[in-house]
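Okay, structure first, notes after.
The values are calculated or read from the model by the stated rules, or taken from the named source; none is laboratory data. This is a predicted model, so every value here is computed, not measured. Backbone-built Cβ (ideal geometry, glycine too); neighbour counts: all protein chains shown. SASA here: full protein model, heavy atoms, side chains in, ligands and nucleic acids out. Shrake-Rupley method; radii C 1.70, N 1.55, O 1.52, S 1.80 Å.
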Amino acid sequence: MSTLQAQTTAPVDEEQEAAVEAEMGRILTELGAALGVLLTALGTRSGLWAALAGAGPLTDREVTAKVGVHGSLVREWLRAQAAGGYLDYDPVAGTFTLPAPVAAAIHYGPGGALVDACATMLSSMGEGFGAFSEAFSTGQGFGWHQRTAEHWHGTDAFTKVALPGELIAAAISAIPTVAEALAGGGTVVDVGCGYGSPTTAIASLYPAARVLGIDYHDASIAHARDQAGPDNVRFEVASAAELPGSGYDLITFFDSLHDLGDPRGALVRARSALAASGTVLLFEPLGADDVQDNLNPTGRMFYAVSTLACTPNAVSQQTPTSSEPLGAQAGEKRLRALAAEAGFTRVRRLDVPAPMNLVLELRP
């Protein structure tokens, strides 16, 4: 009898044992990948990726000489990254090489910054996992205000990478009437602004516009106010249902609609707050309409984030009259239907370079 058989409540035959062994292998792979997020972030923060980029084959001692990390730690980090497939290892020479595509993604491209931001969020999630798992297990939500400052900082760092200023500029430019209105002093409100990075980006792009960021989370608004920004941007504590004012030329939801307890109600309020020629600009994670088409590594990541962060926050905000939380992989079909339920009659998908997002223009 194998060790696995001894640990189960009933014996398994040879075919079942092989299947169980395969599943255990998958679990170990998962554990390695989860820890690998932290290792990749360590490489960014310590300069290890920079030391390897473009340097060709290096021994662990040669890498150690280029950074301030203890040699034993460098050795183990290099071996872990080789096991993960990020580094090539030559057993004869005992050297490690960072392949050009990996360097392009992690060191020169956005991959390293994305992983580093996620590592910050994961650290916070791990610290608060006891309280979160209790809330999850008893059917309660877990709001943004129940997270730590580290989680909020990590989310903002992720937002800055996923939604850079040039992407926001491209999306607004794809709606000429809005771009013209903002250039002439129009008004904008960003719903669920968090720390306000996209909000500030709009204000910087259109200095004549008056830009407001709102969020129910007072600590995020306090942080946004403390940051040096353009004179034409301000921040207020307000929920999506309490969106202040009216006659806006542009109302934005930057990856925030699926975090809200009543997404349909938020769009209803946004529609009523628009000017007659105004537009809602909706950014949501890129997902397919059918579940089976999201059963891939990208979909898995977004479903995981949705389960651990986005949807628990939405559940925490629900009232008896709220619509159902969207989740982070709602898909274009569901978003179009929700917009129609909220009274929008024109929905257009914008053709902008947004590899992680679906971008929709909603008009009354």
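Tell me the residue from ALA228, ALA222, ALA208 that is open to solvent by 40 Å² or more (accessible area, probe 1.4 Å), modelled with pLDDT under 95 and either aliphatic (A, V, I, L, M) or part of a strand (DSSP E or B) (or both), please. First the steps, then the outcome.
Values: ALA222 fails: modelled with pLDDT under 95; ALA208 fails: modelled with pLDDT under 95.
One residue alone meets the criteria, ALA228.
I'd like the full set of residues that are open to solvent by less than 50 Å² (accessible area, probe 1.4 Å) and either touching a Ser or Thr at 6+ places or on another chain (Cβ under 7 Å) or within 18 Å of ARG45 (Cβ to Cβ) (or both), limited to segment 82-91.
LEU87 - this is the single residue of segment 82-91 that is open to solvent by less than 50 Å² (accessible area, probe 1.4 Å) and either touching a Ser or Thr at 6+ places or on another chain (Cβ under 7 Å) or within 18 Å of ARG45 (Cβ to Cβ) (or both).
Could you please give the count of residues in segment 176-192 that are open to solvent by 10 Å² or more (accessible area, probe 1.4 Å), touching a residue at least 40 places away in the same chain (Cβ under 8 Å) and within 28 Å of the chain's Cα centre (by Cα)?
2
Here is a list of conditions, (1) assigned to a helix (DSSP H, G or I); (2) modelled with pLDDT of 95 or more; (3) of a type in the set (Val, Ile, Thr), and THR29 meets all of them except one; can you say which number that is?
Against the list (1) assigned to a helix (DSSP H, G or I); (2) modelled with pLDDT of 95 or more; (3) of a type in the set (Val, Ile, Thr), THR29 comes up short only on (2).
If ALA105 satisfies all but one of (1) over 21 Å from ALA304 (Cβ atoms); (2) assigned to a helix (DSSP H, G or I), what's the number of the condition it fails?
That leaves (1) as the condition not met.
Residues that are surrounded by fewer than 17 Cβ atoms within 10 Å (Cβ to Cβ) and of a type outside the set (Val, Ile, Thr): find the strands (runs of 3 or more DSSP E) completely inside segment 254-364 holding 3 or more of those.
Result: 274-285, 346-349.
Quick check on this structure: which one of ARG61, ARG45, ARG79, ARG75 is within 25 Å of the chain's Cα centre (by Cα), open to solvent by 50 Å² or more (accessible area, probe 1.4 Å) and modelled with pLDDT of 95 or more?
Numbers: ARG61 fails: within 25 Å of the chain's Cα centre (by Cα); ARG79 fails: within 25 Å of the chain's Cα centre (by Cα); ARG75 fails: within 25 Å of the chain's Cα centre (by Cα).
Step by step, each of ARG61, ARG45, ARG79, ARG75 is checked, and only ARG45 is within 25 Å of the chain's Cα centre (by Cα), open to solvent by 50 Å² or more (accessible area, probe 1.4 Å) and modelled with pLDDT of 95 or more.
In contact with a Lys or Arg (Cβ under 7 Å, 6 or more places away or on another chain) and either surrounded by fewer than 23 Cβ atoms within 10 Å (Cβ to Cβ) or without any contact (Cβ under 8 Å) to a residue 60 or more places away in the chain (or both), is that true of LEU163?
Answer is no for this residue.
Would you confirm, using the coordinates I've provided, whether PHE132 is in contact with a Pro (Cβ under 9 Å, 6 or more places away or on another chain), open to solvent by less than 30 Å² (accessible area, probe 1.4 Å) and not in a helix (DSSP H, G or I)?
Taking the combined requirement at face value, the residue does not satisfy it.
Which residues, taken from segment 38-65, are within 14 Å of THR95 (Cα to Cα) and part of a helix (DSSP H, G or I)?
Passing the criteria: ALA51, LEU52, ASP60, ARG61, GLU62, VAL63, THR64.
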